[in-house]
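A.B. asks: Once you've had a glance at the structure underneath, I'll fire off some questions.
The values are calculated or read from the model by the stated rules, or taken from the named source; none is laboratory data. Source: prediction; values computed, not measured. Note: ideal-geometry Cβ built from the backbone for every residue, glycine included; neighbour counts use all protein chains shown.
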Number of protein chains: 4
Amino acid sequence: MSQFQVRTDLALETREKFEEDHVEIKGVRVEEECREESEIKITTMVIETENGAKAMGKPKGTYITLEAANLDSQDEDYHREVSVELARLIRRLLPEEKHILSVLVAGLGNREVTPDALGPRVVDNMMITRHVLKEFGKYAFGEEEVNAVSGIVPGVMAQTGMESQEIIRGVVEETKPDVMIAIDALAARSTRRLSRTIQITDTGINPGSGVGNHRHGLSEETVGVPVIAIGVPTVVDAATIVNDTMHTLIQAMEENSHLQTLSTGLNALNEMEKYELIRELLSPQLNTMFVTPKDIDESVKRLSFTISEGLNIAFA
Amino acid sequence: MSQFQVRTDLALETREKFEEDHVEIKGVRVEEECREESEIKITTMVIETENGAKAMGKPKGTYITLEAANLDSQDEDYHREVSVELARLIRRLLPEEKHILSVLVAGLGNREVTPDALGPRVVDNMMITRHVLKEFGKYAFGEEEVNAVSGIVPGVMAQTGMESQEIIRGVVEETKPDVMIAIDALAARSTRRLSRTIQITDTGINPGSGVGNHRHGLSEETVGVPVIAIGVPTVVDAATIVNDTMHTLIQAMEENSHLQTLSTGLNALNEMEKYELIRELLSPQLNTMFVTPKDIDESVKRLSFTISEGLNIAFA
Amino acid sequence: MSQFQVRTDLALETREKFEEDHVEIKGVRVEEECREESEIKITTMVIETENGAKAMGKPKGTYITLEAANLDSQDEDYHREVSVELARLIRRLLPEEKHILSVLVAGLGNREVTPDALGPRVVDNMMITRHVLKEFGKYAFGEEEVNAVSGIVPGVMAQTGMESQEIIRGVVEETKPDVMIAIDALAARSTRRLSRTIQITDTGINPGSGVGNHRHGLSEETVGVPVIAIGVPTVVDAATIVNDTMHTLIQAMEENSHLQTLSTGLNALNEMEKYELIRELLSPQLNTMFVTPKDIDESVKRLSFTISEGLNIAFA
Amino acid sequence: MSQFQVRTDLALETREKFEEDHVEIKGVRVEEECREESEIKITTMVIETENGAKAMGKPKGTYITLEAANLDSQDEDYHREVSVELARLIRRLLPEEKHILSVLVAGLGNREVTPDALGPRVVDNMMITRHVLKEFGKYAFGEEEVNAVSGIVPGVMAQTGMESQEIIRGVVEETKPDVMIAIDALAARSTRRLSRTIQITDTGINPGSGVGNHRHGLSEETVGVPVIAIGVPTVVDAATIVNDTMHTLIQAMEENSHLQTLSTGLNALNEMEKYELIRELLSPQLNTMFVTPKDIDESVKRLSFTISEGLNIAFA
């Protein structure tokens, strides 16, 4: 029952769920760093085995999570600090063999739906250099080494009639970047994480992830070049929030001392019966709905600057 | 317990709640019309007495609700039909004494948050005539009678530092329209109503209503001219959806035959205890969150045309 | 001297220039139709020979120009009439062999520069069907024949670092449409044509054309599928307007009776000397500037609806 | 003849014109400062007498012009330097009597027309504080003195049917700020100045100025509080550029040695005849057109940040 309807795009939350349920997962290595002054916490999770991948429901690879309690504040200096940290983490995941890179930054999601506009807005703010480099060479920048940065906003299927994957495969085929960075807004399990967490992974974009549930993934396998994905949770699935609440209610009933009779009754239900009970109550409409904060416009605006700045630093 | 956290900006839903709870309300008169061919249902509710207003939690006046099952479809002819119906309903609420009107259309809400962008987008699509009329007279339009239509998008407090009410009072004071139309996105109780219902009322905008919870209302009393409000629900408050789900769960437990022991247990709780139980579980964060459909961008785009067209017909 | 700095993307204006200069062009066939009621004039020009193409400075093929004096008016019925006419002309240029088509509509130009935003805005308003057709089949539309319409807004080089051609080639390669429609804002020679003329051609997009001077063209040769281009002039090159004015001034001096001495002097200059005189005066900055009407936002908004409606009718 | 059709919103250019024509103006005091490292030049012009005002065609008051050759560059540190300088100049023009100020920033112009979008975009980027201050007091900011900053984007007449002046007067009347800052895109005489000059003046907005030619001015007299206007030229009037070119052509003919006969002929024309000649050639359509650079979107984006940053510093 534990995974029913509980969707999260954050590897960190998947792992937390296991811990809540006191289940141990093998094949997953975790390290934590804390920047005390800036209250930034970085968790690196490496899914090392196929068993680990199966248990986590996510492909093998590295998932770095940057949690910053004040990411939602207006303090520009703080955001600059996060950008610098982000640049460092992105560089850590870049393929090492090449020195000068050509990078395609893809801003996934729907520009017209505020919590899903993060990707497009990051690309809006990027320093794009590929065309200048192609025409004038690196001396146009007065530097010895310049990365060729290009950007694409593929839009969503209702706008284009095409999968993001189709558009991006075509563009990669034609322009042959060394690496692709995919920016996307994510769904979390907990409202507390919204706009406060950045996930960076070298596994690309999973099918079904993102605010709009991408139908097809973006990874080295499907796109042809390594894909680093950067995501920020901006929504919780409506079904998830409702499901979680009901679990909490049932749990509260079971634990609450002045509800002993109830407790007895609920204990009589097995997991499958509880599952059926909740399933009946969950309106199918909820599957096409999400929960998001009222001031999501400000968070997305700020975060798109923080992330584009991180990318600009990483590839400058 | 019944009204705890259940917020709706639709008078229709407030009344339904009473019916669900088998409570009779006095001082409220209701009439229904159906357009069978177009599956449009129009409910006119008149709150006639102070007692009715108190019970309903809404000011005295007329609340017309247009429900159109297919309002979410792409069929342009259908939307045209709704616009014509809407024009008729708006004209029904206009003050009668004047013949040629000057109208200020205010598009409330936050243009940057998709489900709250309805008001601003309606004004974007309006046929604005006041300046032409002022400069060239009605003969510029080749017609005997032309209404002077002006439009304002006041924005939200985080953008302007001012209440919508302050901006609109100033503009009304300066330009002295005969009547004001306020367009706003609303919160419903039920997800089924989203983007499918239009409410038209001569009571203006209530404090606390709207996606962004306007702090101050807009009515003849506060603005100085009659205010007709047109609203479409585009969100459900996150707290409402969670609360409603929990009620449904408790109800299901009480009714479900193979949960008899539970039923006994729950019956042992009085209303206040149930209230406390839910209150404990409701995260305070939910109060600043809303639930909205993933394709809300398309609904808002379409509805803003349907409503602006209705206004254009009403004031042509 | 006659063609110096006089740039136009309209085949019609190139031909007019020849007529002004009393030069006959061979290999170009012209036909005119007039819709009297609607004051729509349609000119079909077919460049039939390589010599004709060389003289015109445009590739062999068909150039249809729709001139509508009232295209700038707000009359919706009139725009609907133009859309129907446009649909007819588009269908005339479609390759005949196939019955059910898959069509990729590319909105060229820069969404952030008002007179260059026509292409992106047309795609915003298109009825996109490819994804629905792929998932549910034509029965989702309740019709026997449905065209698969997809859309792309490739952006401009400063935003993406890539040529529009690169992006479009990739997308075409990946999704294999039968035909591509490219929408673009054009440069005219005369301010009188702005927002009043639509050019439809089966020759695609020429290098150097468009408000932003596309570096690479889009044609069957470079893209791999037939390309029909639809363009509306929204700017005049600043260099063109200044050059034209100087020509007119010199001409006026030559013709003006009370300027006889001048006339003698100017006649003493040969064409090359006049060319040099103008060349010296033309600031190089002008080459990166354009002239556009102050109300271009309203024209582009209206025209994008008229053209997308024409496409929706053509492919419905 | 010298002032015919030559329109500029920059006091600096008006004065240059006088210098070109070797005309001395009385009642105007000028001071220049240069920041050598940053290549910023600041010219302070004070129109001290009514005669000076009449000659200049601009009201009495202080006009500060900041010229920065690299204002069009992407260098963020450079823009920060300009913002700091700008903040200093704004503070210099603020009324001195008050210590803690409430400021209304009005972003004039048309958001939908790229070179006219400067004002609206500056307000988008402003740090708005009035509502927080009103609700939580200055302690919310952890500082002893906080200015109350509010912002308004009044739109243009075609969108609202109202004059900017009407909307702003209403808002000022209702919210009573101590001072108003009006941001506006301007018309220059020379293309070389576009996006490279910032004018700050305590005389407010003149009627007829701005990209869209405001019909009514905004000044202490009409609005009721002191108005500081900040403007950047983003367009040249099409009529101005054509007129200027013709003057240059005539001048070149008069001066060019191998055009001696011409020279004689032109000398025979008096100023009035030249005026008539040009007037005949100037198409009336040009009065509704402007000239602007193709990359104006990038300039406006950058400048709106530089100016909003300057204001944020000035009022922090």
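A.B. asks: Can you tell me which residue is surrounded by the fewest Cβ atoms within 10 Å (Cβ to Cβ) among those in segment C:170-203 that are within 12 Å of chain A (Cβ to nearest Cβ) and out of contact with any helix residue (DSSP H, G or I) (no Cβ under 6 Å at 6 or more places or on another chain)?
C.D. replies: C:K176
A.B. asks: Okay, next question. Which condition number in (1) more than 24 Å from B:P95 (Cβ to Cβ); (2) small (G, A, S); (3) more than 19 Å from the chain's Cα centre (by Cα); (4) part of a strand (DSSP E or B) is the one that B:A185 fails?
C.D. replies: Just one mismatch for B:A185, condition (3).
A.B. asks: Quick one: which of B:V84, B:V46 is on the phi < 0 side of the Ramachandran plot and within 17 Å of the chain's Cα centre (by Cα)?
C.D. replies: The unique qualifying residue is B:V46.
A.B. asks: In the set B:V132, B:V84, B:V122, which member is of a type in the set (A, V, I, L, M), within 13 Å of chain D (Cβ to nearest Cβ) and over 27 Å from B:S219 (Cβ atoms)?
C.D. replies: After applying the criteria, what remains is B:V132.
A.B. asks: May I pose another question? Looking only at residues in segment B:112-130 that are of a type in the set (A, V, I, L, M) and part of a helix (DSSP H, G or I), which one is surrounded by the fewest Cβ atoms within 10 Å (Cβ to Cβ)?
C.D. replies: Once the filter is applied, the top-ranked residue is B:V123.
A.B. asks: Moving on to the next point. From the list B:N243, B:N256, which one is surrounded by 16 or more Cβ atoms within 10 Å (Cβ to Cβ), farther than 17 Å from A:F290 by Cβ, at pLDDT below 85 and among the polar types (S, T, N, Q)?
C.D. replies: When all the criteria are applied, what remains is B:N243.
A.B. asks: Identify the single condition in (1) of a type outside the set (S, T, N, Q); (2) out of contact with any Asp or Glu (no Cβ under 9 Å at 6 or more places or on another chain); (3) surrounded by fewer than 24 Cβ atoms within 10 Å (Cβ to Cβ); (4) farther than 21 Å from C:E309 by Cα that B:L93 does not satisfy, given that it satisfies every other one.
C.D. replies: (2)
A.B. asks: Also, I was wondering about something else. So B:N51 fits all but one of (1) more than 30 Å from B:R130 (Cα to Cα); (2) more than 20 Å from the chain's Cα centre (by Cα); (3) free of Cβ contacts under 8 Å to residues at least 24 places away in the same chain; what number is the exception?
C.D. replies: Here B:N51 clears every test but (3).
A.B. asks: Considering only residues of segment A:218-243 that are part of a strand (DSSP E or B) and not β-branched (V, I, T), which is farthest from B:S283 (Cα to Cα)?
C.D. replies: Top of the filtered list is A:L218.
A.B. asks: When segment C:159-169 is examined, which residues are found to be surrounded by fewer than 24 Cβ atoms within 10 Å (Cβ to Cβ) and within 7 Å of chain A (Cβ to nearest Cβ)?
C.D. replies: Within segment C:159-169, C:Q159, C:E166, C:R169 meet the criteria.
A.B. asks: For A:V146, are the conditions met, namely being of a type in the set (V, I, T) and within 9 Å of another protein chain (Cβ to nearest Cβ)?
C.D. replies: Considered against the rule, which asks whether it is of a type in the set (V, I, T) and within 9 Å of another protein chain (Cβ to nearest Cβ), A:V146 comes out as no.
A.B. asks: Return the total of residues in segment D:10-41 being over 21 Å from the mean Cα position of the chain (by Cα), surrounded by 12 or more Cβ atoms within 10 Å (Cβ to Cβ) and within 25 Å of D:V84 (Cα to Cα).
C.D. replies: Within segment D:10-41, residues that are over 21 Å from the mean Cα position of the chain (by Cα), surrounded by 12 or more Cβ atoms within 10 Å (Cβ to Cβ) and within 25 Å of D:V84 (Cα to Cα) number 2.
A.B. asks: What's the total number of residues in segment A:18-60 that are among the polar types (S, T, N, Q) and touching a strand residue (DSSP E or B) at 6+ places or on another chain (Cβ under 6 Å)?
C.D. replies: Of the residues in segment A:18-60, 2 are among the polar types (S, T, N, Q) and touching a strand residue (DSSP E or B) at 6+ places or on another chain (Cβ under 6 Å).
A.B. asks: Does segment C:204-217 contain at least one residue that is at the interface with chain A (Cβ under 9 Å from one of its Cβ atoms) and not in a strand (DSSP E or B)?
C.D. replies: Among the residues of segment C:204-217, not one is at the interface with chain A (Cβ under 9 Å from one of its Cβ atoms) and not in a strand (DSSP E or B), which makes the answer no.
So that you can scan it fast, the table gives a plain yes or no per residue for (1) touching a Gly at 6+ places or on another chain (Cβ under 6 Å); (2) in contact (Cβ under 8 Å) with a residue 24 or more places away in the chain; (3) closer than 18 Å to A:G231 by Cβ:
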{"position": "A:S73", "(1), (2), (3)": "no, no, no"}
{"position": "A:E76", "(1), (2), (3)": "no, no, no"}
{"position": "A:H79", "(1), (2), (3)": "no, yes, yes"}
{"position": "A:A87", "(1), (2), (3)": "yes, yes, yes"}
{"position": "A:L94", "(1), (2), (3)": "no, yes, yes"}
{"position": "A:P115", "(1), (2), (3)": "no, yes, yes"}
{"position": "A:P120", "(1), (2), (3)": "yes, yes, yes"}
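A.B. asks: Quick one: which strands (runs of 3 or more DSSP E) sit completely within segment C:1-111 and have at least 2 residues that are touching a helix residue (DSSP H, G or I) at 6+ places or on another chain (Cβ under 9 Å) and not β-branched (V, I, T)?
C.D. replies: C:28-35, C:61-68, C:102-107
A.B. asks: What tally of residues in segment A:94-126 results from selecting those that are modelled with pLDDT under 95 and among the aliphatic types (A, V, I, L, M)?
C.D. replies: Residues flagged as modelled with pLDDT under 95 and among the aliphatic types (A, V, I, L, M) within segment A:94-126 amount to 3.
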